[in-house]
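The values are calculated or read from the model by the stated rules, or taken from the named source; none is laboratory data. Since this is a predicted model, take the numbers as computed values, not measurements. Virtual Cβ from ideal backbone geometry, glycine too; neighbours counted across all protein chains shown.
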Amino acid sequence: MTKLGIEARQVEPTRMVFHGIVPGLSCSPIGWIRLDVLFGTSDHFWCEPIWFEVVDLSIPYHALLGRPALAMFMAVPHYAYLKMKMSGPKGLITIAGDYKKSLECARAIAKLTESLVIAEKWRQLDRIVALAGEQQAMPAPARESVGEVSFQPSKDTKKIPLNRANPNCSQHVVVGTHLSRK
């Protein structure tokens, strides 16, 4: 925030939570702030106050305009050409992006995303190992002897030989009597 000239007292509290910035993770902002944003050049511009959520993330972008801001300005972004057109007091304002900066930002955000996802996977693995350690510390339940059977079929059962050609075969399956022979 200090690099952008914003003091902590200017940031108001918020209850917003971001999802999807990093797959599987969410982020709570520090707060939000209303800033005047200038679009265009000195001879043809438009100044508008916009509310921004302030997030403590190490990302290369200083500000992101979401769908509400684009809708408010009736802006039309073209991501392939890194251009955005919006209406202004003297006609259309065209905002052009920088391909090199965009590529740098894309690489940096990919590294950040990968590191955050790996860190979350390590945390999940640590939790699983801790749970496994707790289960090993717990006494095992008493087991029944090998001769005892815990499953008892209902009385309405019948034996069907697995080899119908040899009905004297010792291999059979037990099914309920209400089932058809199919």
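Tell me the residue from Lys100, Lys83, Lys90 that is surrounded by 10 or more Cβ atoms within 10 Å (Cβ to Cβ), on the phi < 0 side of the Ramachandran plot and at pLDDT 80 or above, please.
Just a single option satisfies the conditions, and that option is Lys83.
Restricting attention to region 38-56, and to residues there that are without any contact (Cβ under 8 Å) to a residue 12 or more places away in the chain and surrounded by 10 or more Cβ atoms within 10 Å (Cβ to Cβ), which single residue is farthest from Pro13 (Cα to Cα)? Give the steps one after another, and end with the answer.
From region 38-56, those without any contact (Cβ under 8 Å) to a residue 12 or more places away in the chain are 38, 41-43, 47; that's our starting set.
Okay, now just the ones that are also surrounded by 10 or more Cβ atoms within 10 Å (Cβ to Cβ), so 38, 41.
Values: Leu38: 25, Thr41: 33 Å.
This residue is Thr41.
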Checklist entry - Any idea which residue in region 94-115 is farthest from Met74 (Cα to Cα), counting only those that are outside any helix (DSSP H, G or I) and of a type outside the set (Asp, Glu)? => result Gly97
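Considering only region 5-53, state which residues are β-branched (Val, Ile, Thr), within 18 Å of Arg67 (Cα to Cα) and either modelled with pLDDT under 80 or in contact with an Asp or Glu (Cβ under 9 Å, 6 or more places away or on another chain) (or both).
The answer is Ile21, Ile33, Val37, Ile50.
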